[in-house]
Amino acid sequence: MYEAVVNSLLLLYYGTDPPKEFFYTGTPVSADHKKDLGISIDLNEYPIDESEVVNNYPNPFYASTNIEYELKKESRVILRVFNARGQEIRTLMDRTQGYGVYTVIWDGRGRNLQPAPSGIYYLVAEINGKREMKKMVLLK
């Protein structure tokens, strides 16, 4: 049988931005015994947003642009690109994804994989029914 001793503990809570750190150091505790470390975490202290479209970069772009978004919980994600006339050019994402930060690359191509002409395009991000629109500029 192995014995473990804990004399310090670092806990990182990633539900906040920036992440919150809790650190315990004190009397060594055997890992097979329960010990109240005196750490209390109120998860309601920092409300968690459902999701956020972080950015698309570079913008303007020449060959491709990165679309980065963060999900705070499992979410249905639909990312579509529209031209300035409101016509859908391409669907980049249409599925359910788990918690995390994601990057989707739009290569400046339409549904038929032909290069789209220079111009203004709109990214419509729908995450769990909440829509957000971002303007993107494609230069050739």
Which of the residues that make up segment 84-134 are more than 15 Å from LEU71 (Cβ to Cβ) and touching a residue at least 60 places away in the same chain (Cβ under 8 Å)? LEU123, LYS134
Conditions first: (1) under 21 Å from LEU138 (Cβ atoms); (2) at pLDDT below 95; (3) crowded, with 17+ Cβ neighbours inside 10 Å. TYR121 passes all but one, so which condition is the exception? (2)
Identity of the residue in segment 81-106, modelled with pLDDT of 95 or more and basic (Lys, Arg), that ends up farthest from GLU126 (Cα to Cα): ARG90
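The values are calculated or read from the model by the stated rules, or taken from the named source; none is laboratory data. Please read these numbers as outputs of a predicted model, since none were measured by experiment. Glycine also receives a Cβ, built like all others from the backbone with ideal geometry; neighbour counts cover every protein chain displayed.
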